[in-house]
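Read-outs: derived from the displayed coordinates by stated rules, not from any lab. Small disclaimer: the values here were computed from a predicted structure and weren't measured. As a convention, Cβ positions derive from the backbone with ideal geometry for all residues, glycine included, and neighbour counts pool all protein chains shown.
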Amino acid sequence: MTIRFEKMIPLPMLEQDTTGSEVWESESVLFEQGKSYILEAPSGRGKTSLLSVIYGIRKDYQGAVFMDNKPISKFSWREWSNLRKKNLSYIFQGLELFEGLTARENILLKNSITGFQLSHRIEEMAQTLGIEEFMDRKAGILSFGQQQRVAIIRALCQPFNFLLADECFSHMDHHNSRMAYQLILEECSVQGAGLLLTSLNDTEFLKADERKRL
Amino acid sequence: MRYLYSILWKDHSRAHLLWAFLGTLAGFVLLLSGIQFYLDLKQVLSENRDLLDPEYIVINKKINIGQTLGLSKAGFTPEEIEDISSQPFADQVAPFLANQFPVSGYTDSEQFPDFYSELFFEAIPDEYIDVKSDDWQWDPIDGTIPIIIPQDYLNLYNFGFAPSQGLPQIPKGVISMIKFRIRLKGQGQGNYGDYTGRIVGFSNRINSIMVPLDFLEWANDKYGYFEKVDPAQIILVSKDPTDPSIIRYLDEKGFDTIREKLKSSRMNIILKFIISFLVVVASIIIGLAFLVFLLSLQLMISRSAEKIRRLNKLGYNFREISRPYIVLLGILMVGVTGFSLIITAVLTHKFSTMAEAWSLDISASLHGIIYGMAVGLIALISLTNVIAILLSTKKLCK
């Protein structure tokens, strides 16, 4: 699967200074499955907007976006629903966890529609990220860093061609960030998937096939 | 999936749903029991007469002063008869044929007091007459005219006239043995014929002095010289005398009949009125309850809007998100159907026990159509709600 932008720019970005952007200033941008991309920029440069457009929850943009050469503006609700179950996974910056459900229930909420991960694999991932003891606590009482790790595991509970990760290490220390990144890369390589990871400018320690400045 | 239910069901308003549930239930019970009772009573009304026996209704025009003064005619014109025949309640219509010559009768027996009277005859085809007798035949050679008189005439004599005048009461069998002399007079001197008349039966249906139709036709042919007049009475056969349109039609046209026979028709009108009122009230209640249902579910959805958007981001589509609402609706609707049928059945049973005391035979079980109506209405309400749910969740999803 490939994702291609043709002069795509979210409408709010039109009013911003985008000088020097390797995405908004380009005629065409191509993301290929199997590669990892880190999209770096300070706040307000459209990182979240970019991922939201790819995920189909933002439709206010100029230009065009193609998935496997099909324009995504033509996708029906059914196609989006299938894409989000089988092809695209998203670690939201705002996490989108249900505070009233436990960490495990939040993860199962996703896994129950995809049936993708076995429960022991979920426990394994929780262990890797050091949140196994919080799995039965309500998401609302976990720290933001812990919640981020829950959201990461949840995002890995489905098949995908691309994983969209929106500043998903912002509240984790270096050690945890590394562990989480390692887990994400592992899952991506198992699935042969591409990774689009947005970040502020502080992630030089993360390896990627390509870095783009927004 | 069970997480989906626990997330979305959290935002319901118990009070709203309860009121909507109770409202719909009340409306349903009112509607279903109203229709059940209507069907029961309708059955009772028509059971009071023999189902296989259609009602014979003799119709005449109401007599007004115009007719008394000879300004208007009391007969039915051919157009009026045609109009009656064309009514949906009229299965058969026959006009009465009257004599077109003077008739007189007198007793010719030593056992009975002398009696003389001017008479009249009327005739209709045999199939409309409720007296079946082997003697009901006109034989010109024998010259005996069989006559049927109303049962009421005999009663009038036996229970009214005879006791007051010190005369003997006469049983039916004896009357039949009395022979009368009947004189039919044609136009001109000496043009008359003497015949023997014999009462062969008593009618509960027809309030007239009846002779066989073939006799009267023959006699009119032979002696008749009066101008032919429109028949004053006609007989109407209706398979369903409970049909309220009979009474309405007669009232509208200014026709008259023995009202007793149409009692069930009149009761039907009243019954229909009461039931229509009940149905209107029940429909209003059901309509309002339906609105509360619709609004409660919509409120529930809009309270959960944020969660629905979030679920949509996680890959749930609006159909999957709608499912918990539809299941909730389904549970409530099955509840309404079940409870309303149970309550209606209990009321029906109570009513039938009560009716037994009035010796009315009312079924203790629900009519099939009641189940059909309950299911049909519920399906309609559910379908509208399901569509509303799908539309509003779709609006929240991308």
Label point distance in nm, B:ASP114-A:ARG121, each placed 7 Å from Cα along Cα→Cβ: 12.7
Region B:292-398: chymotrypsin sites (Phe, Trp or Tyr not before Pro) falling in loop per DSSP and having at most 12 other Cβ within 10 Å: B:TRP358
Peptide A:45-58, shielding by other chains (average Cβ, 10 Å cutoff): 1
Principal axis dimensions, largest first and in whole angstrom, of region A:2-213 by Cα: 48, 37, 30
log₁₀ of I(q)/I(0) at q = 0.16, 0.25, 0.26, 0.27 Å⁻¹ - region B:120-189, Debye sum with one point per alpha carbon: -0.77, -1.30, -1.34, -1.37
Candidate lysines - alpha carbon under 24 Å from B:LYS42, same-chain residues fewer than 8 apart omitted: B:LYS239, B:LYS261, B:LYS263, B:LYS272, B:LYS350
Net length gained if the chain between A:GLU132 and A:LYS35 were fully extended (0.36 nm per residue, minus Cα distance): 31.9 nm
DSSP loop GluC sites (Glu not before Pro) with at most 14 other Cβ within 10 Å: longest gap in chain A: A:100-203
Average Cα contact separation per residue, region A:62-176, under 8 Å, 6 or more apart, as relative contact order %: 40
Region A:160-207: chymotrypsin sites (Phe, Trp or Tyr not before Pro) falling in loop per DSSP and having at most 14 other Cβ within 10 Å: A:PHE205
Karplus-derived 3J(HN,Hα), 6.51/-1.76/1.60, for each residue of region B:273-280, Hz, glycine and proline x: 5, 4, 5, 4, 4, 4, 5, 5
Neighbour net charge for B:GLU79 - beta-carbon separation under 14 angstrom, K R +1, D E -1: -1
Average beta-carbon neighbours from other chains, 10 Å sphere, peptide B:2-14: 2
Shielding by partners - mean other protein chain Cβ count within 10 Å, residues of B:197-209: 0
Tensor-based shape of region A:122-173 (alpha-carbon gyration tensor, a/c under 1.5 rounded, otherwise prolate or oblate): oblate
Anisotropy class of region A:95-154 from Cα gyration tensor, a/c 1.5 cut: oblate
Calculated FRET efficiency for the pair B:SER302/B:LYS350, C-beta based, R₀ 56 Å, to 0.05: 0.80
Cα→Cβ-extended label distance, 7 Å offset, between B:PHE161 and B:ILE65, nm: 3.2
Relative contact order (percent, whole number), chain B, Cα cutoff 8 Å, 6+ residue spacing: 28
Surrounding net charge for A:LEU185, when Lys and Arg each add one and Asp and Glu each subtract one, Cβ distance under 12 Å: 0
Region B:150-297, Rg to Rh (Cα coordinates; Rh as Kirkwood inverse mean 1/r): 1.27
Which listed pairs, of A:LYS7/A:LYS85; B:LYS307/B:LYS395; A:LYS35/A:LYS74, have C-alpha distances above 18 Å, in listed order: A:LYS7/A:LYS85; A:LYS35/A:LYS74
3J(HN,Hα) from dihedral phi, region B:171-187, Karplus parametrisation 6.51/-1.76/1.60, rounded to Hz, x for glycine, proline: x, 3, x, 6, 4, 4, 7, 6, 9, 9, 8, 10, 10, 9, 10, x, 6
Region B:297-364 - convex hull of the alpha-carbon atoms, volume per residue in Å³: 84
On Cα atoms only, tilt of B:213-223 relative to the major axis of chain B in degrees: 40
Isotropic mean projected area of the C-alpha convex hull, chain B (nm²): 30.2
Pair B:TYR192, B:TRP19: separation of 7 Å Cα→Cβ label points (nm): 9.0
Ratio Rg/Rh, restricted to the protein assembly as shown and using Cα atoms, in which Rh is the Kirkwood radius: 1.40
Rg/Rh ratio calculated on Cα atoms of region B:182-262 (Kirkwood radius): 1.09
Anisotropy class of region A:160-204 from Cα gyration tensor, a/c 1.5 cut: oblate
Length added when fully stretched, A:GLU22-A:SER170, from 0.36 nm per residue minus Cα-Cα: 51.0 nm
Cβ-Cβ FRET estimate between B:ASP152 and B:ASP221, R0 fixed at 25 Å, reported to 0.05: 0.20
In region B:215-262, the trypsin sites (Lys or Arg not before Pro) that fall in loop regions by DSSP, at most 12 other Cβ within 10 Å: B:LYS228
